[in-house]
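Single-structure report; data block below.
FYI, it's all coordinate maths here, none of it is from the lab. Since the structure is predicted, the reported quantities are computational estimates derived from the model, not experimental observations. Backbone-built Cβ (ideal geometry, glycine too); neighbour counts: all protein chains shown.
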Amino acid sequence: MLYSAFELTHAAMQPWRQMARGAQALYGAPYNPWTETLAGRQMTASADLFERLTRRYGKPAWGLHTTCVDGEQVAVTPVSVQRRPWMTLTHFQRDIDPEHEDPKLLIVAPLSGHYATLLRGTVEAFLPAHEVFITEWSDARTVPQSAGQFDLHDYVDHVRDILRFLGPDTHVIAVCQPGPLVLAAAALMAEDGEDARPASLTLMGAPIDTRCSPTMPNTLAKSKPLNWFARNVISTVPMPNAGMMRRVYPGFVQLASFMQMNRATHVDAHRDFFNHLVAGDGDSAERHRVFYDEYLSVMDLTEEFYLQTIGEVFQEHTLARGKMRHAGRAVNPGAITDMALMTIEGELDDISGLGQTRAAHDLCTNIPAALREEYVQQGVGHYGVFSGRRFRENIAPRIARFILAHS
C-alpha cells in the first residue's frame, strides 16, 4: 500500500509540475517585462523549487569525460564490460596507449539506496594513474521477478565473479556498506587459494563491526526486532514498473529517513536555493542542483538483501563475531595472509563510527604488519571519507601510494 500511495501521489502531482514548468518558461522568458522584477524572479524561483521537490530523480550521468595522464588531457569513456540483471561492471576507458600499464582498481560501490554515481569524485581521483572499474548495482524495482532473488550472499558471489573476470593483481576499494561483504569475498578466495584474489583491499567508512562507537543508524537498526522491519518498511513494487510484485525496501523510504536525520540542514539548503535564484546567484544555485540531483536519486533494495544486512551486519555482527557462513561454509578472515589491507575512517563519521572499519585488522590476524595501514582523516564525516577536498588532497593520494607499494 505504501508504494502504491507513493506512485499515485507522484502521478497526481504531474499536472502541477507541468504548471510549474510553464510558470518557469513564462516568467523566465527574456521578452517578458516581469522577468527582471522582484515578483517575476520570486515566481520563477517558486516554480523551480516546487518542480524539483516533486519530481522523481533518475540515475545521474557520470559526467567524467577527461582526465590527466602523465601531464596530458585524455578522453574518458564509461563502458559496460559485464552486464547482469543485478549489476553492471563499468570500465572507465582512457584514450591512452594500450601498452600503458597502470594498476587495476575495482571500486565496489555500496548498495544502500543511492546509485554508484555518488562515488563520482572517488572515480575521478583515481583515473589519472589507475585502470578503474566500478560496480553499478541495479534498482530492484527495474528487475523483473524472472531474474530471481538477490540477497547478501549473492552480493558476495558477484564480487568474487568480478575479481575472477578482472584477473590477478586487481586492487579493491570498498566504500561503506560493501566493506563486510568484500572482506568476506576476499577471505573465501584466499582460503581457496584463488589467483584472482585482490592484491590489496582498502575499506573506507565500512561497518565491519558496528559494536564499536555505535552511531544513530546503528542504534536504530538494533532498536527493533527484524520482523518489525519486515512489517513496517518493506513494500511491494506496483505496476507499471518492470519489477512489479517484487518485495523491496523502497529508496524513497530510506531517503526520507536520511533527510529526517538532518532536517534543518535540508530545509535551510532549499531556502538558500530559493534566495539564490531570486538574487540571480546562478553559481550557488547550480551547486545546489548538482548536489541534490545526486542526493535525491535513490533506488530500491530487495527485501532479502535489506533484511539480511540489518540482521547479519547490524544486529548479529556475524562477520565480526566469527559466525558468518556463506554457502554452508564459515567465513574466516584469518585465511588472508598475503593481501595488503588498508582502512580509512573519518573522525566525524556519523554513519560508520570510529573503530568500525579498523576492526578489519583485528579479524585479519595473519596479515603481516608490513601489509597493513590504517588512517583516520581529521575533520570529515562519512561522505568526506570518499569525496570532497580532504579526500582529494589527503586520502586519495595515500591510497594511491598504498596501491603502488603493493602492486
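Brief remarks follow.
- Dividing the mean sequence gap of close Cα pairs (under 8 Å, 6+ apart) by how many residues region 164-223 holds gives a relative contact order of 44 percent.
- For region 235-390, the orientation-averaged shadow of the C-alpha convex hull comes to 13.4 nm² (one quarter of the hull surface).
- Alpha-carbon spread of the chain, three principal axes, descending order, Å: 73, 55, 40
- Of the chymotrypsin sites (Phe, Trp or Tyr not before Pro) found in region 1-57, those that fall in a DSSP loop while having at most 11 other beta-carbon atoms within 10 Å are TYR31.
- The convex hull drawn around the Cα atoms of region 8-99, when projected onto a plane and averaged over every direction, covers 11.1 nm².
- Compared with the dominant Cα axis of the chain, that is its longest principal axis, helix 179-191 is turned about 30°.
- DSSP bridge pairs, the chain: antiparallel proportion in percent, nearest 5: 50
- Divided by 2.2 N^0.38 Å, where N counts the residues, the Cα radius of gyration of region 296-374 comes to 1.29.
- Qualifying trypsin sites (Lys or Arg not before Pro) in region 262-353, DSSP loop, other Cβ atoms within 10 Å at most 11: ARG321
- Between 0 and 90°, nearest 10: helix 2-12 axis offset from the chain longest Cα axis: 30
- In terms of overall dimensions, region 129-204 has a Cα radius of gyration and Dmax of 13.2, 41 angstrom.
- Computed on region 212-314, the Cα convex hull volume stands at 137 Å³ per residue.
- log10 of Debye I(q)/I(0), alpha-carbon scatterers only, for region 99-248 at 0.15, 0.18 Å⁻¹: -0.93, -1.20
- All other residues whose Cβ lies under 13 angstrom from that of PHE402 are scored, Lys and Arg at +1 and Asp and Glu at -1, for a net of +1.
- Nearest 10 degrees, 0 to 90: helix 282-295 Cα axis against the chain principal axis: 50
- DSSP bridge pairs, region 269-383: antiparallel proportion in percent, nearest 5: 25
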